[in-house]
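*Asks:* One structure follows; several queries about it will come next.
Please treat every number below as a calculation from the coordinates, not as lab data. None of these values were measured; they are calculated from a predicted model. Cβ atoms come from the backbone with ideal geometry, glycine included; neighbour counts cover every protein chain shown.
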Amino acid sequence: MRNFISERANGIPPSGIRKFFDLALTIEDVISLGVGEPDFRTPWNICESSIYSIEQGVTSYTPNKGLPALRETLSIYLKQHYNLPYNSDDEIIITSGVSEALDIAIRAIVDPGDEVLIAQPSYVSYAPCVTLAGGQPVPVECTEADSFKLNPDRLQEKITKKTKALMINFPNNPTGAVMNRKDLEAIADVIIDNDLLLITDEVYAELTYEGSHVAAGTVSDLWQRTITLNGFSKAYAMTGWRVGYLCAPKELCEAALKIHQYVMLCAPVMGQIGALEAVRSAEEDKNTMVNEYRLRRNMFVSGLNRIGLPTHVPPGAFYAFPSVKGTGLSDTEFAERLLKEQRVAVVPGSVFGAGGDYHLRCAYAVSRKQLTEALGRMETFLNGL
Amino acid sequence: MDEKDLELLRILENNSRLSAEEIATMTILTPAEVEVRIHALEDAGVIRKYTTVINWEMAGNGEVASIIELKVNPERDFGYDRIAERLSRFRQVKTLRLMTGTYDLQLLVTGKNMQEVSRFVSEHVAPMDRIRETATHIIMKSYKENGNVLFEQQEAERLPYSF
């Protein structure tokens with residue numbers, strides 16, 4: 001029999017985290033700081049509207065772009081909250097999570113051989129999505145010395161004649177870094193000078209603890225060359241609902257829509273109904289959750305620094321990114337031994353690409369009680385080294 | 001009252017047993033600063049009392065609670081205040097509110113048993129001057145008190161790792 005697996009599929013490295021996943025499942029009483037999702041339940045009003053819509057028989061396809069009411073509400077929300085102007089008719093597509101939005105955005109713009117710069121450390125799917133589209137992912141490292149922000153000089157260094165686009169994600173998974181307006185203006189100059197497209201994943205926008213989120217599309221003249229991705233998973237504790245969205249100027253949006261209509265048709269209608277309720281009336285729930293994350297962040301990060309793992313204070317998302325350089329262990333060794341010896345699950349930073357090694361991603365989206373217990377276990381582990 | 005004070009209030013409302021040290025790490029204040037702020041909030045009367053949400057039904061004390069609606073003729077110059085303050089003095093009255101709608105004052109009254117509650121209403125509340133009408137509703141079961149759900153909820157399962 002022939003080998004049926006495509007070269008493209010073969011070209012994607014297996015996930016480095018799989019072995020941790022399997023190991024964690026065999027150990028009892030694990031405190032997992034490895035989960036990139038809120039520990040809260042979806043606010044009940046969101047669940048209830050979705051349940052009610054199912055009872056009313058709202059179970060059909062929606063328009064490819066998504067429910068008009070959801071797009072209209074989002075359009076107003078984006079303008080009011082971030083000053084992002086996107087027309088609900090032809091500049092917004094509702095997707096199955098930001099994951100799908102990312103995929104169709106990349107496929108809409110990448111030709112074989114195109115290079116796509118990825119600000120790393122980054123979410124694990126960016127590079128494989130570029131590879132699957134036939135493009136070449138090129139990491140640009142965001143260093144701890146720069147507070148894990150994207151440095152314009154480092155960006156400029158990586159640009160070649162083949163460079164077509166840049167992908168960023170701030171507030172960042174896994175570092176929690178945030179780019180303020182000045183930071184974004186500095187990279188906007190490089191983007192515009194080199195005629196690049198910007199894909200910005202802003203799914204953690206609502207989880208900004210100092211000041212307010214600056215949408216990249218509102219900086220300088222970036223809007224016309226920016227694809228903004230966002231979703232409901234993190235801010236509204238809706239990870240399993242799989243609803244996100246892509247916003248871009250009309251021509252770009254139309255290209256992405258062609259792919260979306262053939263691969264996804266539309267995002268699940270019950271998810272879209274829930275998302276509509278989230279934008280309309282879950283502001284208070286969202287703020288309560290964000291306040292709680294802020295308290296946990298303060299407590300957890302000061303705890304990490306106290307026990308001897310240097311950690312910058314992350315201004316966004318719900319991840320702490322401590323350095324393990326001083327321990328003499330690599331991030332992978334540290335994570336593996338910590339899991340086996342003290343039953344705390346964290347993700348080795350090297351999983352997230354350039355700049356991630358010698359760091360751990362610890363999600364503080366768990367209860368304060370669990371964070372205190374995890375800190376105690378980590379301290380015991382460090383003392384035993 | 002600043003943003004930090006509001007943050008302290010939100011923390012304490014949820015759990016007033018946290019130590020000043022614990023609160024300090026969450027709010028980026030020193031433990032001494034936390035104590036000073038909390039004392040100021042106590043002195044100002046913003047913080048009224050530290051208390052506990054108890055599922056009394058589970059504790060098995062068998063207390064009876066009832067909501068009592070009162071229609072009241074307000075007094076010239078005082079409105080509902082004087083009668084409300086008078087009712088507030090009764091130990092049995094746990095909560096007292098002035099309402100819009102078909103009645104005026106709403107009382108939450110607790111007692112050891114039905115007899116005690118009904119004696120309290122008929123002997124002390126109903127005969128009071130200016131009270132036109134009373135309606136007593138027995139609370140059969142409490143599902144949520146002050147934002148706290150009192151029934152068991154299933155823990156949602158999460159994967160040990162996700163990105």
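*Asks:* Percent of alpha carbon pairs in the protein assembly as shown separated by more than 36 Å?
*Replies:* Counting pairs separated by more than 36 Å, the tail of P(r) holds 45 percent.
*Asks:* Given charges of +1 on the Cβ of Lys and Arg and -1 on the Cβ of Asp and Glu, with all other atoms neutral, how large is the dipole of the stretch B:58-141 about its Cα centre, in debye to the nearest 20?
*Replies:* Magnitude of the dipole: close to 180 debye.
*Asks:* By its C-alpha gyration tensor, with a ≥ b ≥ c as the square roots of the eigenvalues, how is the stretch A:337-385 shaped: rounded for a/c under 1.5, else prolate for a/b larger than b/c, else oblate?
*Replies:* Oblate, because a/c is 1.5 or more while a/b does not exceed b/c.
*Asks:* OK, next. Under 11 Å from the Cβ of B:Ile47, count the other residues' Cβ atoms, weight Lys and Arg +1, Asp and Glu -1, and hand me the total.
*Replies:* Overall, the nearby charge balance is -1.
*Asks:* Under a Cβ-only charge scheme (Lys and Arg +1, Asp and Glu -1), can you give me the dipole magnitude of chain A about the Cα centre, in debye to the nearest 20?
*Replies:* I would put it at about 540 debye.
*Asks:* Please give the residues of the stretch A:14-52, grouped as numeric ranges, whose backbone N is less than 17 Å from a label point set 7 Å along the Cα-to-Cβ vector of A:Thr288.
*Replies:* Inside the label zone: A:38-49.
*Asks:* Just from the alpha-carbon atoms, what are the Rg and Dmax of the stretch A:218-265 in angstroms?
*Replies:* For the stretch A:218-265, the Cα radius of gyration and maximum Cα-Cα distance read 12.9, 35 Å.
*Asks:* So, one more: How would A:Asp193, A:Asp146, B:Asp77 line up from fewest to most surrounding beta-carbon atoms within 10 angstrom?
*Replies:* Fewest-to-most ranking of A:Asp193, A:Asp146, B:Asp77: B:Asp77, A:Asp193, A:Asp146.
*Asks:* Return the single residue from A:Phe321, A:Phe352, A:Phe334 with maximal mean-square fluctuation; model: Gaussian network over chain A, springs between Cα atoms under 10 Å.
*Replies:* Comparing A:Phe321, A:Phe352, A:Phe334 in the GNM, the peak value goes to A:Phe334.
*Asks:* Which residue, A:Thr95, B:Gly79, A:Ala186, has the largest displacement toward the positive end of the dipole of the protein assembly as shown when charges sit on each Cβ (Lys, Arg +1; Asp, Glu -1)?
*Replies:* B:Gly79
*Asks:* If you take the Cα atoms of the stretch B:1-50, find Rg, then find the Kirkwood Rh from the mean of 1/r over all pairs, what is Rg/Rh?
*Replies:* With Rh from the inverse mean 1/r over Cα pairs, Rg/Rh is 0.91.
*Asks:* Another question about this same structure. For chain A, what does the relative contact order come out to in percent, with C-alpha contacts under 8 Å and a separation of six or more?
*Replies:* 24 percent
*Asks:* How would you order A:61-67, A:51-57 from highest to lowest mean count of nearby Cβ atoms within 10 Å?
*Replies:* Put in order of decreasing packing, that is A:61-67, A:51-57.
*Asks:* Follow-up. Could you tell me how far the Cα centroid of the stretch B:132-163 sits from the Cα centroid of the stretch A:8-83, in Å?
*Replies:* Centre-to-centre distance over Cα atoms comes out at 25 Å.
*Asks:* Another question about this same structure. So for chain B, averaging the separation of alpha carbon pairs under 8 Å that are six or more residues apart and normalising by length, what relative contact order in percent results?
*Replies:* 21 percent
*Asks:* Next up: Any lysines with Cα under 22 Å of the A:Lys149 Cα? List them, leaving off those in the same chain fewer than 8 positions away.
*Replies:* Reachable lysines: A:Lys158, A:Lys164, A:Lys182, A:Lys234, A:Lys325.
*Asks:* Then there's this: Over the stretch A:59-281, what relative contact order in percent results from Cα pairs under 8 Å that are six or more residues apart?
*Replies:* 29 percent
*Asks:* Show me, for the stretch A:239-252, the HN-Hα J-couplings you get by feeding each phi into the Karplus relation (A = 6.51, B = -1.76, C = 1.60, θ = phi - 60°), rounded to Hz, glycine and proline as x.
*Replies:* 4, x, 7, 6, 10, x, 7, 10, 10, 6, x, 2, 4, 5
*Asks:* Using the beta-carbon distance between B:Glu13 and A:Gln156 and R0 = 51 Å, what value does 1/(1 + (r/R0)^6) give for FRET efficiency, to the nearest 0.05?
*Replies:* 0.50
*Asks:* Roughly what % antiparallel, to the nearest 5, for the DSSP beta bridges in the protein assembly as shown?
*Replies:* Roughly 65 percent of the DSSP beta bridges within the protein assembly as shown come out antiparallel.
*Asks:* I would also like to ask the following. Over all residues in B:149-161, what is the mean tally of Cβ atoms on other chains that come within 10 Å of each residue's Cβ?
*Replies:* Rounded to a whole number, the mean comes out at 5.
*Asks:* Here's something else I'd like to know. I'd like the Karplus ³J(HN,Hα) series for the stretch A:315-326: coefficients 6.51, -1.76, 1.60, θ = phi - 60°, whole numbers in Hz, and an x wherever there's a Gly or Pro.
*Replies:* Coupling constants for the stretch A:315-326: x, x, 6, 10, 10, 9, 10, x, 8, 10, 3, x Hz.
*Asks:* Still on this structure: Report the charge-dipole magnitude of the stretch A:59-281 in Debye, nearest 20, computed about the Cα centre from +1 at each Lys and Arg Cβ and -1 at each Asp and Glu Cβ.
*Replies:* That gives a dipole near 460 debye.
*Asks:* Looking only at other chains, what is the average number of their beta-carbon atoms within 10 angstrom of each beta-carbon in A:20-27?
*Replies:* The shielding value for this peptide is 2.
*Asks:* Show that you can apply the helix-only estimate: for chain B, add -39,500 (n - 2.57) for every DSSP H stretch of four or more residues, divide by all residues, and state [θ] at 222 nm to the nearest 500.
*Replies:* My calculation for chain B gives -9000 deg cm²/dmol from helical runs alone.
*Asks:* Based solely on its DSSP helices, what 222 nm [θ] is calculated for chain A when runs of n ≥ 4 H residues each add -39,500 (n - 2.57) and the sum is averaged over all residues, nearest 500 deg cm²/dmol?
*Replies:* -13000 deg cm²/dmol
*Asks:* Tell me the net charge near A:Glu141. Cut-off is 13 Å between Cβ atoms, A:Glu141 excluded, with +1 for each Lys or Arg and -1 for each Asp or Glu.
*Replies:* -2
*Asks:* Let's test the formula: R0 of 41 Å, r as the Cβ-Cβ distance of A:Asn64 and A:Ser220. What FRET efficiency results, to the nearest 0.05?
*Replies:* For A:Asn64 and A:Ser220, the calculated efficiency is 0.85.
*Asks:* Shielding of A:291-303 by partners, i.e. mean partner chain Cβ atoms within 10 Å per residue?
*Replies:* Mean inter-chain Cβ contacts per residue within 10 Å come to 4.
*Asks:* Based on Cα positions only, what radius of gyration and what Dmax would you give for chain B, in angstroms?
*Replies:* Both quantities, over Cα of chain B: 21.0, 67 Å.
*Asks:* Would you be so kind as to identify which of A:Met264, A:Thr160, A:Cys129 lies farthest towards the positive end of the dipole of the stretch A:59-281, taking Lys and Arg as +1 and Asp and Glu as -1 on Cβ and the Cα centre as origin?
*Replies:* Among A:Met264, A:Thr160, A:Cys129, the one farthest towards the positive end of the dipole of the stretch A:59-281 is A:Met264.
*Asks:* Which shape class applies to the stretch A:119-252: rounded if a/c is under 1.5, otherwise prolate when a/b exceeds b/c and oblate if not, where a ≥ b ≥ c are the square roots of the Cα gyration tensor eigenvalues?
*Replies:* It comes out rounded by the Cα gyration axes.
*Asks:* For the stretch A:104-113, take each phi angle, set θ = phi - 60°, evaluate the Karplus expression 6.51 cos²θ - 1.76 cosθ + 1.60, and give the result in whole Hz per residue in order, putting x for glycine and proline.
*Replies:* 6, 5, 5, 5, 6, 10, 9, 9, x, x
*Asks:* I've got another one for you. If packing is taken as the mean number of other Cβ atoms within 10 Å per residue, what is the order of A:306-313, A:1-8, highest first?
*Replies:* For the peptides A:306-313, A:1-8, the packing ranking is A:306-313, A:1-8.
*Asks:* Between beta-carbons, use under 11 Å as the cut-off and find the net charge around A:Ser96, counting Lys and Arg +1, Asp and Glu -1.
*Replies:* So the surrounding residues net to -1.
*Asks:* For the stretch B:58-141, compute Rh as the Kirkwood radius over C-alpha pairs and then the Stokes-Einstein diffusion coefficient at 4 °C and 1.567 mPa s; write the answer in µm²/s, rounded to an integer.
*Replies:* Rounded, D is 98 µm²/s.
*Asks:* If you don't mind, there's one more thing I want to ask. Can you list which of the GluC sites (Glu not before Pro) found in the stretch B:15-65 are DSSP loop residues with at most 15 other C-beta atoms within 10 Å?
*Replies:* Those that pass, being in a loop and sparsely packed, are B:Glu63.
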